[in-house]
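This report concerns only the one structure given below.
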Amino acid sequence: FKEPLTVVLSGNAIWFFGIPILILILWRIVPWFGHRSYKSGATVSVMFTGAVGMASQLAILLAFQANHGTLYTAIAMLTAVFMFGLAIGALIGKQYLSQGRLRDTLNADLTLILFVAVLGLVLKHASQWSLLCYVCSAAAGIITGSAFPAFLGMAAKSKNRDEREVAASIESADHLGAAFGAFVTGIVFLPVYGL
């Protein structure tokens, strides 16, 4: 490219990010019509979950560093709060979202989209209240963790198998999504668009 990569990406953002979101939405709707197994829908959604969780945490870390001048003394606590949120979220999801119902997984998707939309607005005020970063990190963990039982239950139900048999594919999808979320957020979103 003659132009810097960030300029190319920012000028074509609707294609780079609008199309994947549209594909996700279509992928989630198709199982309603019986053309694809629920397991594949759950796998795609858990990739999305992983991407959103990682992207959110990176944005929170950057907001903290930008507003408070240092990250080194807080990174352990921000990470611990996120991981604690994951654990709490998984317990909540197991209690309320583990029956493998399609509406539970769609609600999980919509909650993640809403969280990302609100997060950008909330982080603008992180400079005024450092505790806000910790609250956002915990919320990101809770929302991400609570989605897992819904997707795991859906994948197991679609295959008539024990959840242990589909857990590896769900876990792998989460990590693949998290890698994508880290890449896109660190290379494109934050450098080009900021918080």
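Among the residues in the stretch 165-180, are any among the hydroxyl-bearing types (Ser, Thr, Tyr), closer than 23 Å to ALA80 by Cα and open to solvent by 40 Å² or more (accessible area, probe 1.4 Å)? Yes: the stretch 165-180 contains one or more residues that are among the hydroxyl-bearing types (Ser, Thr, Tyr), closer than 23 Å to ALA80 by Cα and open to solvent by 40 Å² or more (accessible area, probe 1.4 Å). Would you confirm, using the coordinates I've provided, whether VAL184 is more than 28 Å from ASP104 (Cα to Cα) and in a helix (DSSP H, G or I)? No. The lone criterion from (1) out of contact with any Gly (no Cβ under 8 Å at 6 or more places or on another chain); (2) in a helix (DSSP H, G or I); (3) modelled with pLDDT of 75 or more; (4) open to solvent by 60 Å² or more (accessible area, probe 1.4 Å) left unmet by LEU26 is number (3). Among the residues of the stretch 76-93, those identified as open to solvent by 70 Å² or more (accessible area, probe 1.4 Å) and either assigned to a loop (DSSP other than H, G, I, E, B) or closer than 25 Å to VAL46 by Cα (or both) are MET83, PHE84, LEU91, ILE92.
The values are calculated or read from the model by the stated rules, or taken from the named source; none is laboratory data. A quick note: this is a predicted structure, and the numbers were derived from the prediction, not measured. Note: ideal-geometry Cβ built from the backbone for every residue, glycine included; neighbour counts use all protein chains shown. SASA here: full protein model, heavy atoms, side chains in, ligands and nucleic acids out. Shrake-Rupley method; radii C 1.70, N 1.55, O 1.52, S 1.80 Å.
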